[in-house]
Amino acid sequence: MCAAALTAQTTAQKPSQTAPPAPLLPQQFAGWQVKDAATKSADPAAADETNAPVLKEYGFQRFEKATYTRDEGRKLEIKAAAFDDASGAYGAFTYYKSPAMLNEKIGGQASSLNTRVLFYQGNILVDAVFDKLTVMSAAELRELAGLLPQPPPNARNLPPLPPYLPRQSYQKNTAKYILGPVTLDRVGSPLPSAMVDFKSGAEVVIGKYAVNAGDSTLMLISYPTPQIAIEKLRQIDAAHQVNSQPQAGVAPILEVGPFFDKRTGPIIVIAAGPLSQAEARSLLSSINYEADVTWNENTFADKKNNLANLLFNVIVLCGIVLGLSLVAGLAFGGLRILLKRLFPNRVFDRPEDMEFISLHLGDRVEQAPGRR
């Protein structure tokens, strides 16, 4: 019994291997206070039962819901969903955002409609519903965005694909960033999800564009390598030909009217809908892949290679050499004087070493004949 008690005590004292995650929502912000304990769940259906598969494709992690109140008797309901990285939160934001919403400056991006405000910050998507809006509502949510937990550094980068969508003729809030087949089928696409092949690492962004005959769809599909994109474009072109000339073993694509495509680097660009060749050419030509190459090269700006530091060291070296020369000269002269005093006419200035040849030219001139 004692051994069992000791084992139980040791187990109770053993620290937990995994610390619980930090709460998504704060207890208070900008005068708002949590009314009751926040509802927490790791099930995407708790956040949105209808779109739970979509949330899974975006990398859903956990969900919190809380009701806030303040002194004026006002109420604010907030839902927060955390994803694996910022790309997942951004993708979910584009999925829920509607063209009727107004853009706001809150967090990473934000949109509002009536009393609802949708925004993301880092890897967290926030859906806030006020009982009524005031001039301070946006500032209050900006303070909330600053209190949300931050993702690790390797999960903060946004996807590079959406910025490739051209701005000309773009219809506001229609861009959708997609990471899986369920989401693609729900937002509508010129291509079936099986042909996109998300298993190969594809990412998709879709936007609506206004043309003379109506609305067209521009679809960008990014693959890990240009080689994969080349093969997928060949399959897409073959499937497009099947619509007019059926071939055995090749599935046709959806009938969406005029269909144009091209490849730029690892990105396949598709323009579909009631658009002319000139309009399609304009849209396709506005998208060109630019490789972002990083070359880590020494800038030689350290202390060792600094020019000012080099000049200073040269001056110091000259001073050292001059000092050594002065010390050596004084030492040599002092030693000579000391030896002359200790050993006069024995080391220096010895008479036998100071003799020199004399021609006595003056004497010869005086003895020359005929000199008066």
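Taken together, the values in this text are just the output of simple stated rules run on the coordinates, not laboratory data. Predicted model, so just to flag it, every value in this text is computed and none were measured. Neighbour counts run over all protein chains shown; Cβ positions are idealised from the backbone, glycine included.
Annotations for the structure displayed:
- The loop-placed trypsin sites (Lys or Arg not before Pro) in the range 146-234, going by DSSP, that have at most 16 neighbouring Cβ atoms within 10 Å of their Cβ come out as Arg156, Arg167, Lys172.
- Additional length obtainable on full extension of the chain from Gln28 to Thr225, 0.36 nm per residue less Cα span: 66.3 nm
- Restraint check, Lys56/Lys176; Lys97/Lys172; Lys40/Lys79; Lys79/Lys172, Cα-Cα greater than 18 Å: Lys79/Lys172
- Charge context of Ala110, other residues only, Cβ under 10 angstrom, K/R +1, D/E -1: +2
- 10 Å-binned pair-distance histogram of the range 159-290 (Cα, whole percent): 12, 47, 36, 5, 0
- Pairs of C-alpha atoms in the range 133-227 farther apart than 16 Å represent 67 percent of all such pairs.
- Given R0 = 35 Å, the distance between the Cβ atoms of Asp84 and Gln241 translates into a calculated FRET efficiency of 0.35.
- Förster-model FRET efficiency, 35 Å R0, Glu77 and Arg281, C-beta, rounded to 0.05: 0.15
- Taking a sphere under 15 Å around the Cβ of Ala46 and counting the other residues whose Cβ falls inside, with K and R at +1 and D and E at -1, yields a net charge of -1.
- Spin-label model, Leu338 to Ile320: label points 7 Å out along the Cα-to-beta-carbon direction sit 2.6 nm apart.
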